[in-house]
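Notes to accompany the following structure.
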Amino acid sequence: MVTMEMVLYMKGLDCPNCAEKIRAASAKIPFVKEANMNFMAKKLSLVVASESEEAVLKEVQRITASLEPDVEVSLLENAEFERSHDDDDEGDTKLEIIKIVVSAVIFGVGLIFHDESFSLWIFLAAYFISGLDVIITAGKNIIKLRPFDECFLMTIATLGAFFINEYPEGAAVMILYQTGELFQSLAVRRSRKSISELMDIRPDSASVKRNGEVVAVPAETVEKGEIIVVKAGEKIPLDGVIVSGTTTIDTSALTGESVPRDASRGSDVLGGCVNLSGVVEIEVTKEFGESTASKILEMVENASAKKARSEQFITRFARWYTPCVVIAAVLLAVVPTIIKGYDPQNIYNALSFLVVSCPCALVISVPLSFFGGIGGASARGMLIKGGVTMEQLAECKTVVFDKTGTLTDGTFEIAGVIPVDRTEEELLALAAMAEQGSNHPAAAAVMRGFKGNAENADITEIAGRGVKAENPKHTVLAGNRKLMEESGVKNVPETESAGTLIYIAENGVYAGLIEISDRIKDDAVKAIESLKREGIKTVMLTGDRREAADITAKKIGLDEWRSELLPDGKVEAIEEIMENSIGKTIFVGDGINDAPVLMRADAGVAMGGIGSDAAIEAADAVLMTDEPSKLIEMIKISRKTKGIVIQNIIFSLGVKAVVLVLAALSIATMWAAVFADVGVCLIAVFNALRAGKPAR
């Protein structure tokens with residue numbers, strides 16, 4: 001059966017528990033093969049049979065209307081306006097605040113007047129002003145035979161309190177519950193705001209040169225190869241190469257780096273960066289949907305859809321926890337009554353049970369923690385594609401690096417010139433004469449290092465050896481040691497080097513050598529030292545020759561390294577390392593040939609600044625700068641986030657368990673039950689918000 005993906009936008013979705021119910025119900029729709037809910041982005045992704053899109057949409061709308069009547073469901077492509085303005089709901093927030101404040105004032109008046117008949121009506125007024133919407137929702141759910149949600153629990157518990165003459169507690173529970181819901185909603189909105197702020201990095205329009213004029217057009221209509229004009233202070237709308245002009249670029253929105261960089265003709269620039277100074281013309285290299293900014297937005301928006309193990313546990317736990325506690329509450333009220341007769345205290349204990357039983361603290365704080373961590377990391381140029389990746393990073397015990405482009409710059413340069421009976425410039429002139437027609441990276445490094453004009457010569461390439469250059473003055477050989485030996489050149493020294501050695505001979509006489517190397521990145525040593533301090537083993541896998549790998553690894557201070565590996569050899573090596581590792585194994589790479597290893601590791605991290613699209617797509621996380629030292633910051637953020645998740649789970653379950661036991665023993669009051677629900681929820685939510693702050 002042919003399938004397709006459809007994405008629905010759930011405008012107004014603010015209840016995490018209801019979001020999971022919508023997802024679970026949608027997964028059971030005929031023709032739906034898979035359903036994933038991204039609560040933070042308000043998106044429901046469905047894999048459905050082709051040509052069933054309209055029927056599935058109607059069924060999801062019906063399901064959502066029965067569970068959350070205020071939520072509007074539409075296809076994502078038809079919801080762009082709503083998506084960008086949905087969180088602009090200050091009016092609703094102000095109304096909720098007014099309701100809570102008025103209810104609290106009336107509640108205070110009720111506490112002042114002690115006359116029972118008079119205070120009943122005051123407390124009822126406070127109760128209905130704050131909680132009428134909760135009561136209505138609970139009634140609708142009872143009619144639909146879906147009673148086990150927080151509205152039902154709060155309604156039964158609070159009305160029960162009025163029934164046994166505990167008026168203040170009945171009104172207080174509802175007011176505090178609504179206060180908790182308000183703060184919870186504000187916390188979720190704060191986390192969602194990071195998405196809307198990220199949306200601002202991608203301009204919607206571009207100034208394009210067409211038919212000799214500069215016209216403003218939607219950015220998604222610009223094609224590769226077209227020239228766009230970006231003035232000072234404007235955001236660059238699309239990825240491209242500067243073809244005219246000089247400027248300074250602010251890349252902080254994408255990389256988290258605060259220091260601007262200079263850019264001129266030939267410089268690559270990314271959509272979403274800000275042009276700080278001069279006017280530049282840019283040739284577009286990627287269309288709107290393929291641009292770096294678009295990919296960042298897609299990764300961040302979809303991150304919360306990849307649930308971590310702890311999120312999956314909480315989802316399953318909440319499904320059974322609430323019904324079990326409700327059944328326990330019923331038994332707590334009924335069994336003692338059957339044995340000893342009616343006692344209001346038994347009803348009171350059962351009502352306290354119901355108040356405690358809401359799983360809100362867990363259901364919202366766990367995904368909010370992961371989303372906070374993901375948002376905080378993205379603001380610092382580190383993209384993590386989901387909670388499951390954060391868990392893998394947090395449990396990392398081994399980091400495996402690629403060499404070229406990851407620990408080294410990936411660009412060759414002259415590391416040393418050792419002439420014999422001539423100056424360095426004279427030796428470079430001979431090398432340039434031979435290498436001027438070659439496309440080899442080592443030859444390019446020689447040409448960059450030589451400042452003069454190379455002599456004309458007839459050049460012959462000798463496969464696997466080097467080149468031979470001839471003109472009336474002299475014959476020059478430039479290549480490896482084998483070329484020298486086969487050409488009968490004497491006195492060629494034995495030299496060990498991490499780079500490539502170009503031996504030079506003039507008219508059959510050895511003239512010297514030039515060392516070309518891939519420079520080790522400035523902060524590679526710092527990255528390895530930081531990882532070791534955290535107890536993480538460091539390994540390097542490379543396709544380079546053994547001598548080069550040995551010297552590079554020793555300079556950087558790696559624990560282990562393997563060289564001369566083809567892509568399939570790297571996969572075999574990573575599998576062996578994972579088998580022998582006590583924790584999770586991360587692979588860090590940047591090239592197309594790294595994609596298989598990135599996918600095979602427990603978590604793959606791509607160096608996104610110069611990384612290939614294939615590596616970025618295959619990876620679970622992306623470092624937008626080319627600094628390997630950023631990896632330890634990503635790991636620390638992940639560890640902090642996982643720690644917060646564990647804190648919230650232990651704290652929430654621990655407090656609820658204690659209060660449940662105390663309530664069953666008639667020790668805990670309903671006030672304690674309110675703290676175990678609303679108080680714990682607020683503490684857990686505010687603790688979760690810490691995940692978005694920098695880890696130390």
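The values are calculated or read from the model by the stated rules, or taken from the named source; none is laboratory data. Not measured: the values here are computed from a predicted model. Backbone-built Cβ (ideal geometry, glycine too); neighbour counts: all protein chains shown. The protein model used for the area step is the full one, side chains on, heavy atoms only, and it has no ligands, DNA or RNA in it. Shrake-Rupley method; radii C 1.70, N 1.55, O 1.52, S 1.80 Å.
Among Ala601, Ala614, Ala548, which is more than 25 Å from Ile516 (Cβ to Cβ) and at pLDDT below 85? Outline the logic, then answer.
Values: Ala601 fails: at pLDDT below 85; Ala548 fails: more than 25 Å from Ile516 (Cβ to Cβ).
Among Ala601, Ala614, Ala548, only Ala614 is more than 25 Å from Ile516 (Cβ to Cβ) and at pLDDT below 85.
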**Report entry** Candidate set: segment 566-598, residues that are out of contact with any strand residue (DSSP E or B) (no Cβ under 6 Å at 6 or more places or on another chain), of a type in the set (A, V, I, L, M) and open to solvent by 20 Å² or more (accessible area, probe 1.4 Å); chosen: the one modelled with the highest pLDDT
**Finding:** Val571
Report summary line: Checked segment 427-482 for anything over 18 Å from Gly499 (Cα atoms), loosely packed, with under 14 Cβ neighbours inside 10 Å and either out of contact with any strand residue (DSSP E or B) (no Cβ under 8 Å at 6 or more places or on another chain) or hydroxyl-bearing (Ser, Thr, Tyr) (or both); matches are Lys451, Gly452, Asn453, Asn456, Thr460, Ala463, Pro472, Lys473
Query - Matching residues, segment 362-393, being under 10 Å from the mean Cα position of the chain (by Cα), closer than 25 Å to Ile683 by Cβ and modelled with pLDDT of 85 or more - result: Met390
Query raised in the report: Out of segment 542-557, which residues are touching a residue at least 60 places away in the same chain (Cβ under 8 Å), open to solvent by less than 30 Å² (accessible area, probe 1.4 Å) and either polar (S, T, N, Q) or in a loop (DSSP other than H, G, I, E, B) (or both)?
Result: Thr542, Thr552
Report summary line: Conditions (1) over 15 Å from Glu413 (Cα atoms); (2) at pLDDT below 90; (3) β-branched (Val, Ile, Thr) -> Ile502 fails only (1)
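Quick grid of which residues meet (1) at pLDDT below 75; (2) in contact with a helix residue (DSSP H, G or I) (Cβ under 6 Å, 6 or more places away or on another chain); (3) of a type outside the set (A, V, I, L, M, F, W, C); (4) part of a helix (DSSP H, G or I):
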| position | (1), (2), (3), (4) |
| --- | --- |
| Lys140 | no, no, yes, yes |
| Ala157 | no, yes, no, yes |
| Leu176 | no, yes, no, yes |
| Gly180 | yes, yes, yes, yes |
| Gln184 | yes, yes, yes, yes |
| Ala187 | yes, yes, no, yes |
| Arg190 | yes, no, yes, yes |
| Ser196 | yes, no, yes, yes |
| Arg202 | yes, yes, yes, no |
Report task. Scan the strands (runs of 3 or more DSSP E) fully inside segment 450-527 and keep the ones with 1 or more residues being in contact with a Phe, Trp or Tyr (Cβ under 8 Å, 6 or more places away or on another chain) and among the charged types (D, E, K, R). Result -> 509-520
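In segment 534-565, what count of residues is obtained for those that are in contact with a strand residue (DSSP E or B) (Cβ under 7 Å, 6 or more places away or on another chain) and over 22 Å from Ser581 (Cα atoms)?
If we filter segment 534-565 for residues that are in contact with a strand residue (DSSP E or B) (Cβ under 7 Å, 6 or more places away or on another chain), which is where we start, we get 536-542, 549, 552-553, 555-556, 558-562, 565.
The next check asks that each one be over 22 Å from Ser581 (Cα atoms); those that pass are 549, 552, 555.
Final tally of qualifying residues: 3.
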Requested in this report: Could you please tell me which pairs satisfy a Cβ distance under 6 Å, a separation of 6+ or placement on different chains, a first residue in segment 637-666 that is in contact (Cβ under 8 Å) with a residue 24 or more places away in the chain, and a second residue that is surrounded by fewer than 14 Cβ atoms within 10 Å (Cβ to Cβ) and in a helix (DSSP H, G or I)?
Outcome: Ser666/Gln345
Report task. Return a yes/no flag: does segment 551-562 have any residue that is at pLDDT below 85 and touching a helix residue (DSSP H, G or I) at 6+ places or on another chain (Cβ under 6 Å). Result -> no
